[in-house]
Amino acid sequence: MNPVEILRFAVGGLAANKVRSGLTMLGVLIGVAAVIILLAVGNGSSQSVKDSIEKLGTNALTISSGGGFGASSGSDTKPLTVDDARALADPASAPDISTVAPEVTTSQTAVYNGTSHTVGQVVGTYPAYFKTSNSKVDKGDYFSADDVLNSRKVAVIGSTTATDLFGTASPVGKKLVIGGTPFTVVGELATKGGTGFQDPDDTVIAPLPTVQNAFTGFGPVSQILVEAKSAGATTRAQNEITTVLMGTHGIKDPSALDFRVSSQQSLLSTQSDTNKTFTVLLGAVAAISLLVGGIGITNIMLVTVTERTREIGIRKAIGAPRGVILGQFLAESTLLSLLGGGLGVVAGLIGSRFTIVGIKPVVIPASVWGAFAIAVAIGLFFGGYPANRAAGLRPIEALRHE
Amino acid sequence: MRQALSSRLGRAGTGLHRLRARTAPAPEAPEEAGPWGPAPVIEVRALRKTYGTGDAVVRALGGPPDPAGGEPAGVDLVVEQGDYVAVMGSSGSGKSTLMNILGCLDVPTSGRYLLDGIDVGGLDEHQLSLVRNRKIGFVFQSFNLVPRTPALAQVELPLAYAGVKAAERRRRALAALALVGLADRVDHRPNELSGGQQQRVAVARALVTAPAMLLADEPTGNLDSRSTEDVLAVIDRLNASGRTVVLITHEDEVARHAKRVLRLVDGRIVADVRQAAADGPPPALRDPAAFAGHAPTALSGTAGGALR
Ligand SMILES: Nc1ncnc2c1ncn2[C@@H]1O[C@H](COP(=O)(O)OP(=O)(O)OP(=O)(O)O)[C@@H](O)[C@H]1O
Ligand SMILES: [Mg+2]
């Protein structure tokens, strides 16, 4: 008997019980599709976090107050000040730093024409902040160094804030009241979007002295944003910052700093570590669903073979060689898993074109091949095993089987 | 049809020669041409079959243990080429057990079974499947058709396993179905056929490969007298064309068609009555008018009464 004939027998066998064949295929399909989609979601989310961190710029360094591990806390912790920022901006002592932007943050309620909105982040800073934090103006313009010097009451607002207060109308040139102080909107930022806890588009950015004067007072700043001259210069810039601030804060012991310098790169690596865990978790869930699909095939093949042991007996009695019987059953289970796996790949690829819980899935090619191969291997092994057992019976034993 | 069958027989014969050469290197001159005539189709020596062990042992074939020797004697049986044997006996007497061993579907606990001079015990799995496919046509007591498969495909199945091409297969399967009077039922599945029709499909499947030997386990057990006559007429014609037939039956009416009647009691042959010569036509075809006129009770009155 040639293979084509055996294949025809197998198709006949599957067609003889369409519902069962269909359900088995569905099990494999779901398993394979789940693996592909879940891994794609995991991969997509780590990709998007990576993208949004890269949007911040990899040259950026953030200085915040407070010691590292083991630092002596208490009265000798000096806060960051505008003077610290000025010292850092001196090219003589810090040649690898291109711009410096001290930053104070507060949360205030903004009112426009009776509409009120609590702004997540009101930032007071210098114009350098826009470039360093990768914030681009979409409408209108940035505020200038001149606005800072004269403490003008102008502001650039984020896109969420803009839509909440002004709807679809352009906010540029309009006056809004933040925490009792009137500000003129000079620009609106392009939407950044993000998956973070805080909406990066719900923000108001104004000149530092204006915000200090209106809300925070002229005390310490929250953090200082520094941009290194190039991505390669960040490490040197970091060292220069440490040296300069140790001088201004009067610290001798480098292990007892009262400030922290973090680069976007270090942020990136912690983030991608978290995401790896996330992907592994999703992968485990996917693997379980594939396993369940596999158990489905195994179960169906066991049932099929047990149920058809009599038929195997009949076939043997009229002279079917063991190899042909085995071939038929193997072909049946392989066809099931090939079709199920193939459709699963199609479903998985289609499914990962949609945005799932705000994440754009990115398919990992290895997961497609892996899931498909595992499905087929399970079909071959667990279809072959019971069929082999049944084909080895003497015809009369198989015929008497209940 | 006749021609197709005999050409098929020739091929089956060569297939078995190959088998013989592999298992038991035969002498230069084949037995068929030897001075003692052709080898018997079936030769069974001291055949025994038991199920279970210890106290629960069932001696299905071979009879009870000999009080002196301890071992049961076993069944001895020789069936010549072209013979037509009916096996009778009460329920549980071991008829099906014997038949299954003759059909190479089961193996005896002990004893030898020579099929066309080949010791079946020495054949491997693959050779056995060849023997079942080419040499033996088996009709089961309970039809044993492949479920959810149309009649035509059922009958084509043995040919498919023999490697016959699709067109040729279909032609011969249709001819075999026509022979058993089912030309108009070729597309019906077993659950769409009556018991008698299913049995005739089973007969068609058994004879489609033109086997040298037809084994039938109560082929008419579930049929009315009309269908019984149909099936028996087919079997009679097959025997007349030189095929060896062994069939099991409970009915004297059926046994009347055979050339030889065996009677089994408790797994042993207790009577062996010849009704016609092994190499002639079967009783029903030798003198159809006289056969039809004969009262069925006459046979059961003599043979049955004497054997009981
Ligand atoms: N697989 C088995 N296990 C145990 N005992 C069996 C088995 N098969 C048959 N037997 C026993 O062997 C004996 C002979 O059975 P067999 O089927 O040959 O009877 P039979 O002559 O064909 O009867 P019937 O006319 O009812 O078909 C019976 O006593 C039966 O119970
Ligand atoms: Mg029986």
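For the reader, a short list of remarks on this structure follows.
- Surface accessible to a 1.4 Å probe, per residue, for the residues of the stretch B:99-186, Å²: 34
- Our compactness index for the stretch A:97-230, the C-alpha radius of gyration over the empirical 2.2 N^0.38 Å, is 0.98.
- Cα lying deepest toward the dipole's positive end in the protein assembly as shown, options A:Thr355, A:Tyr126, A:Gly232, charges on Cβ: A:Thr355
- Relative contact order, percent, the stretch A:97-230 [alpha-carbon distance under 8 Å, six or more residues apart]: 38
- Summarising the label geometry, the points placed 7 Å from Cα in the beta-carbon direction at A:Leu23 and A:Ile350 lie 2.3 nm from one another.
- Estimated buried accessible area (total), pair B and A, 1.4 Å, Å² to nearest 100: 2200
- Applying 1/(1 + (r/R0)^6) with r as the Cβ-Cβ distance of A:Thr115 and A:Ala15 and R0 = 56 angstrom yields a FRET efficiency of 0.25.
- Protection proxy ranking, peptides A:227-234, A:11-18, average beta carbon neighbours within 10 Å, highest first: A:227-234, A:11-18
- When peptides A:135-142, A:343-350 are ranked by their average number of other Cβ atoms within 10 Å per residue, the highest-first order is A:343-350, A:135-142.
- Unit Cα scatterers, Debye sum, chain A: log10 I(q)/I(0) for q = 0.13 Å⁻¹: -1.05
- Centre-to-centre separation between the Cα atoms of the stretch B:202-231 and those of the stretch A:296-355: 34 Å.
- Per-pair calculated FRET efficiency, R0 = 22 Å: B:Arg45 and B:Glu71 via Cβ, rounded to 0.05: 0.95
- Taken along the Cα-to-beta-carbon direction at a fixed 7 Å, the label points for A:Arg389 and B:Ser91 span 3.3 nm.
- Rounded to the nearest 0.05, the FRET efficiency derived from the C-beta distance between A:Ala366 and A:Val280 at R0 = 22 Å is 0.95.
- Residues along the stretch B:145-190 losing 40 Å² or more of accessible surface when the other protein chains are present rather than the chain by itself (probe 1.4 Å): B:Val146, B:Arg148, B:Leu157, B:Tyr161, B:Arg169
- Protein-only accessible surface order, largest first, of B:Tyr161, A:Tyr126 at 1.4 Å: A:Tyr126, B:Tyr161
- Extension reserve of the A:Thr235-A:Ser151 stretch, reckoned as 0.36 nm per residue once the Cα distance is removed: 26.8 nm
- Cα-centred dipole magnitude for the stretch A:97-230, charges only on beta-carbon of K, R (+1) and D, E (-1), debye, nearest 20: 180
- Chain A: relative contact order as a whole-number percent, Cα under 8 Å and 6+ apart: 31
- Interface burial in the stretch A:358-402, defined as at least 10 Å² less accessible area with all protein chains than with the chain alone at a 1.4 Å probe, covers A:Arg394, A:Pro395, A:Ile396, A:Leu399, A:Arg400.
- Among A:Ile36, A:Ile241, A:Ile312, residue whose mean-square fluctuation peaks in a GNM of chain A (springs only between Cα atoms under 10 Å): A:Ile312
- Our note on the geometry: Cα centres of the stretch A:86-120 and the stretch B:67-108, 104 Å apart.
- Residue of A:Ser93, A:Ser222, A:Ser46 that the Gaussian network model of chain A assigns the largest fluctuation, springs spanning Cα pairs under 10 Å: A:Ser93
- Cut-off 10 Å between beta-carbons: net charge of the residues surrounding B:Val155, Lys and Arg +1, Asp and Glu -1: +3
- Total formal charge among the other residues, if their Cβ is under 13 angstrom from that of A:Lys316, Lys/Arg +1 and Asp/Glu -1: +3
- Taking one quarter of the surface of the convex hull spanned by the alpha-carbon atoms of the protein assembly as shown gives a direction-averaged projected area of 52.7 nm².
- Structure-based [θ]222 nm, chain A - -39500 (n - 2.57) summed over DSSP H runs of at least 4, per residue, nearest 500: -17500 deg cm²/dmol
- For the stretch A:351-402, the Kirkwood estimate of hydrodynamic radius, built from reciprocal distances between every pair of different alpha carbons, is 14.7 Å.
The values are calculated or read from the model by the stated rules, or taken from the named source; none is laboratory data. No experiment lies behind these values; they were computed from the predicted model shown. Virtual Cβ from ideal backbone geometry, glycine too; neighbours counted across all protein chains shown. The protein model used for the area step is the full one, side chains on, heavy atoms only, and it has no ligands, DNA or RNA in it. Shrake-Rupley method; radii C 1.70, N 1.55, O 1.52, S 1.80 Å.
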